[in-house]
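To start, the structure under review is shown below, and the notes come after it.
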Amino acid sequence: MQLFHYHWWTNKVEELENFYANRGFEVSQRVGRYKGEMQTFNSPLTWEDFREETIFFRIIEMRKGQINVTFGNGKTDRFDHIGFLVDSLEYMEIVKRAVVHGLLVSEGERRTFISTPWKFRIELQQRNDAVTEDSYPFIDAMKIQLPFKTSHPKGLAELFGWEITQEKKSEIKLESENFAMLFKDAETTLLEAVRFQIEDRRDDVDPVGVGLFAEID
């Protein structure tokens, strides 16, 4: 299992694209509704070619190594989901446990989503072409705020087979062999920070408020 992806809805799509482009990410696709139809605005097109047009972007996808960041037009900034690359055996085991836990599983041809109690979804992706062929950089840690009173995130350890390595009243850390997930108790759900395993590990914050931190503990 590999943590590779996160998605936002935002009214800052151009700013978000520019931010990640300046960090070496490349646009793999832009799909949006224009004149009543879904159309692509992929590279080599740039924002200079269509900025003046009224396009409602359903998705802009950017990749660098084993990292895939997507976002689309929304009225406000809203964290939607994170994604894991899994093999067929991991996929079957996770889906089976999700059903036992009473979670909604929406299976699709290209990807499957598991709905969580905290108003964000978890994507299971079996297609390796969701990332580039480069093995570096990759995501090795993520910090998410969510309300423990809704449901305690320690249940995710059983769902995904992760180990609980740190537990406090308002914070819990779950780990696999490839990444760490840190959950903090909060009133609302929010993707707070992501750590890339990358040479340039300077602290930064993207336009929707996700911290790209060298350390997130």
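Only the coordinates and a few stated rules stand behind these numbers; no lab work does. Not measured: the values here are computed from a predicted model. A quick note on method: Cβ atoms are made from the backbone with ideal geometry, for glycine too, and the neighbour counts reach across all protein chains shown.
Dimensions of the stretch 117-171 from C-alpha coordinates, computed as largest minus smallest value along each principal axis and given longest first, are 40, 22, 20 Å.
Size descriptors for the stretch 1-106, from the alpha-carbon set: Rg then Dmax equal 16.3, 50 Å. Dividing the summed -39500 (n - 2.57) terms of all DSSP H runs of n ≥ 4 by the residue count of the chain sets its mean residue ellipticity at 222 nm at -4000 deg cm²/dmol.
Remark: relative contact order (the chain) = 20 percent; criterion is Cα-Cα distance under 8 angstrom and separation of 6 or more residues.
Based on the reciprocal of the average 1/r between different C-alpha atoms, the Kirkwood radius for the chain equals 18.1 Å.
The C-alpha atoms of the chain define a longest principal axis, and helix 88-100 lies at about 70 degrees to it. Candidate cross-link partners of LYS154 among the lysines, defined by an alpha-carbon separation under 26 Å and a same-chain spacing of 8 or more, comprise LYS96, LYS119, LYS143, LYS168, LYS169, LYS173, LYS184. Measuring gaps between exposed loop sites in the chain (GluC sites (Glu not before Pro); DSSP loop; at most 15 other Cβ atoms within 10 Å), the longest gap, sites not included, is 54-108.
In this Cβ point-charge picture (+1 for Lys and Arg, -1 for Asp and Glu), the stretch 1-40 has a dipole of about 100 debye about its Cα centre.
As an exercise, use a Förster radius of 41 Å and the Cβ-Cβ distance of SER151 and PHE50 to find the FRET efficiency, rounded to the nearest 0.05. Using R0 = 41 Å, I get an efficiency of 0.45.
For the stretch 108-217, the relative contact order is 26 percent, taking Cα pairs closer than 8 Å that sit 6 or more residues apart in sequence and dividing their mean separation by the residue count. List the lysines whose Cα lies under 16 Å from the Cα of LYS75, skipping any in the same chain that are fewer than 8 positions away. Of all the lysines, those that pass the test against LYS75 - Cα under 16 Å, at least 8 places apart if same chain - are LYS12.
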